[in-house]
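Chemist: Would you mind keeping the following structure in view while I ask a few things?
Each value in this text was obtained by applying a stated rule to the coordinates, not by laboratory testing. All values reported here derive from a predicted model rather than from experimental measurement. Because the Cβ atoms are built from the backbone with ideal geometry, glycine has one as well, and the counts that use them run over all protein chains shown.
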Amino acid sequence: MGTGSDDDERGFFSEVPVRPAAKAKALNDKPHYLGHRDRLRERFATAGPEALPDYELLELLLFRLIPRADTKPVAKALLARFGTLAEVLGAPLALLQEVKGIGPAVALDLKVVAATAQRMARGEVHGREVLSSWTQLLDYCRSAMAFEEREQFRILFLDKKNALIADEVQQVGTVDHTPVYPREVIKRALDLSATAIILVHNHPSGDPTPSRADIEMTKEIVDAAKRLGIAVHDHIIIGRKGYSSMKGLLLI
């Protein structure tokens, strides 16, 4: 067997069985964290995820990604650096690797988990009547955009029953600006035979308050869409700590 896995901070992808000849020594040298892992798994199984704080849920995830080390300090270091479990999973690969104990392989595994969670959130709204699933829609938008380092302008295209038929990122900009072209927004809605749209973009600064430019651009799109019988239900701005609804703010 080769030794290439020694260069991967995960080691093997599960706890490695102890060989019979080494059992006696293993009993005496058993790492302290293995008992902790068993207890944490049991608590998750019996009490459910709500009984565990973020750092313990993150520990459980890291057990399989880093099977040969105590993951509690790593989990706490990740949360200290990024703030919440959602922010850990949303963090860029390069920043994750700046945390002690997180190498390229584990950082990539965390991003796979994040992508899986995002795909699940999208499944909760795709093809459904969006206006009656508003909480799920906001959860999806937040998981998809809240932790991006650059502004994204996303459009949710709806049919006549307000079911989601397409979800597209139309533009990606800088840390504080995304160019948006109302004509392109309306053209794409017509291409998809959408009768309504929801506009969404993120503020990497974290503050979801709409800017004057956001408000003016939204009004241009609303006016252009109205002439062609396309409704703009809302423009949602996503930040790391929350969101703003222009409809809720009576700006459209």
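Chemist: Antiparallel as a % of all DSSP beta bridges within region 129-245, to the nearest 5?
Modeler: 70 percent
Chemist: Follow-up. In whole Å, what is the distance between the alpha-carbon centres of region 226-252 and region 40-76?
Modeler: Spelled out, the Cα-based centre of one part sits 38 Å from the other.
Chemist: Next up: Under a Cβ-only charge scheme (Lys and Arg +1, Asp and Glu -1), can you give me the dipole magnitude of region 23-118 about the Cα centre, in debye to the nearest 20?
Modeler: 440 debye
Chemist: Could I ask something else about it? Shape verdict for region 135-228, please, from the Cα gyration tensor: rounded (a/c under 1.5), prolate (a/b greater than b/c) or oblate.
Modeler: oblate
Chemist: Note down the magnitude of the dipole of region 84-214 about its Cα centre, charges +1 on Lys and Arg C-beta and -1 on Asp and Glu C-beta and zero elsewhere, to the nearest 20 debye.
Modeler: Dipole about the Cα centre, nearest 20: 320 debye.
Chemist: Given K72/K241; K187/K226; K161/K226; K160/K226; K226/K247, which pairs have Cα atoms separated by over 21 Å?
Modeler: K72/K241
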